[in-house]
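Heads up, the thing below is written out as structure tokens.
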Amino acid sequence: VTGASRGLGRAIANIVLTCEKDSKVVAIARSADKLKELEAEFGSERVAIVTGDICDSDVAKNVVSTAVQKFGKLDSIVFNAGVLDPIKPLEFADIPAWKNLFDVNFFSIVGLLSEAIPELRKSKGNAIFVSSSASVFPYDAWAAYGCSKAALNRLALSLADEEKEIGALAVDPGVVKTGMQVNIRENLGQHMKEEALQQFKDLHENDQLLPPEVPGSVYACLLYTSPSPRDSTSS
Ligand code: NAP
């Protein structure tokens, strides 16, 4: 599970480890303290942590080798780690910031996926991609993020097309009560049109954000599902 230190990724890891007593998780993020909490809660026999930036190719190699060396195989991956910044109108597009976002939300996933494919082939496992409604719906000033998630959907299609033994699904979690939403309301949303930002504030004020455990349980179930027939799905 990438981005397992908090938010949706942490919920997915918790659910997998709680609901499947034999399950084992490789948890990846930069926040070592949070990953160590997870390891302490479920034990180092069931949780392996890989601390580092997901954009670092050594981290991707380490993730796959840790799964294989410590747990014997790699069954499935949830590509969950992601960032939303930059939120800015296209007129003020900051290309280095776009590139940074694409490194995290897209190229890191291509890199980790290519490392993982030989192992996922052996286990006939699943690659689950955490997408967003922004991949198909134009939220104000979210072009960079939306484009990266649209590319992610397309990546899932290519994986499904190329690798018939690997399940590939890109799934939108809905609007989830995590740090990302706090960041929209308190920081990143300043460059959105007022009424567009207000929609997110209203969801929070009306208690309509999904607890991470709600989509988290769906992703956790998908890890154990064998999509059949194994063709492309993006929703
Ligand atoms: P979050 O609370 O901000 O958590 C993001 C996670 O990604 C953290 O664990 C973070 O860990 C990790 N991460 C970010 N950059 C990283 C990097 N360079 N290297 C390694 N790990 C990195 O966000 P969230 O809401 O849980 O988002 C999870 C996924 O859901 C994202 O892909 C997001 O786009 C998607 N999503 C969220 C919502 C929503 O409403 N929240 C809606 C649609 C889609 P560290 O900081 O510890 O590295």
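The values are calculated or read from the model by the stated rules, or taken from the named source; none is laboratory data. Keep in mind that this is a model prediction, so the values were computed, not measured. Virtual Cβ from ideal backbone geometry, glycine too; neighbours counted across all protein chains shown. These area figures cover heavy atoms from the full protein model, side chains too; ligands, DNA and RNA do not enter into them. Shrake-Rupley method; radii C 1.70, N 1.55, O 1.52, S 1.80 Å.
Couple of notes before you dig in:
- Ile128 over 16 Å from the mean Cα position of the chain (by Cα) and surrounded by 19 or more Cβ atoms within 10 Å (Cβ to Cβ): no
- Within segment 11-120, helices (runs of 4 or more DSSP H) holding 3 or more residues that are under 17 Å from the mean Cα position of the chain (by Cα): 57-71, 95-102
- Screening segment 1-19 for residues that are surrounded by fewer than 24 Cβ atoms within 10 Å (Cβ to Cβ), hydrophobic (A, V, I, L, M, F, W, C) and more than 14 Å from the ligand (Cβ to nearest atom) and picking the one that is farthest from Gly52 (Cα to Cα) gives Cys19.
- A count restricted to segment 156-177 and to residues that are open to solvent by less than 30 Å² (accessible area, probe 1.4 Å) and either among the aliphatic types (A, V, I, L, M) or within 13 Å of the ligand (Cβ to nearest atom) (or both) stands at 10.
Listed here are the residues, each with its yes/no results for (1) within 16 Å of the ligand (Cβ to nearest atom); (2) farther than 16 Å from Arg30 by Cα; (3) out of contact with any Asp or Glu (no Cβ under 8 Å at 6 or more places or on another chain).
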position: Ile49; (1), (2), (3): yes, no, no
position: Asp53; (1), (2), (3): yes, no, yes
position: Val68; (1), (2), (3): no, yes, no
position: Lys73; (1), (2), (3): no, yes, no
position: Ala81; (1), (2), (3): yes, no, yes
position: Leu90; (1), (2), (3): no, yes, yes
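- One residue alone among Asp75, Asp22 is within 20 Å of Leu169 (Cα to Cα) and surrounded by fewer than 21 Cβ atoms within 10 Å (Cβ to Cβ), and that residue is Asp75.
- The listed residue being within 16 Å of the ligand (Cβ to nearest atom) and touching a Ser or Thr at 6+ places or on another chain (Cβ under 9 Å), out of Phe107, Phe137, Phe102: Phe102
- Residue pairs whose Cβ atoms lie under 9 Å apart, sitting 6 or more positions apart in sequence or on different chains, and linking a residue in segment 99-122 that is farther than 25 Å from Asp85 by Cα to a partner that is within 16 Å of the ligand (Cβ to nearest atom) and open to solvent by 30 Å² or more (accessible area, probe 1.4 Å), are Glu115/Ser57; Glu115/Lys61.
- Scanning segment 25-47 for residues that are more than 14 Å from the ligand (Cβ to nearest atom) and open to solvent by 80 Å² or more (accessible area, probe 1.4 Å) returns Ala40, Glu41, Glu45.
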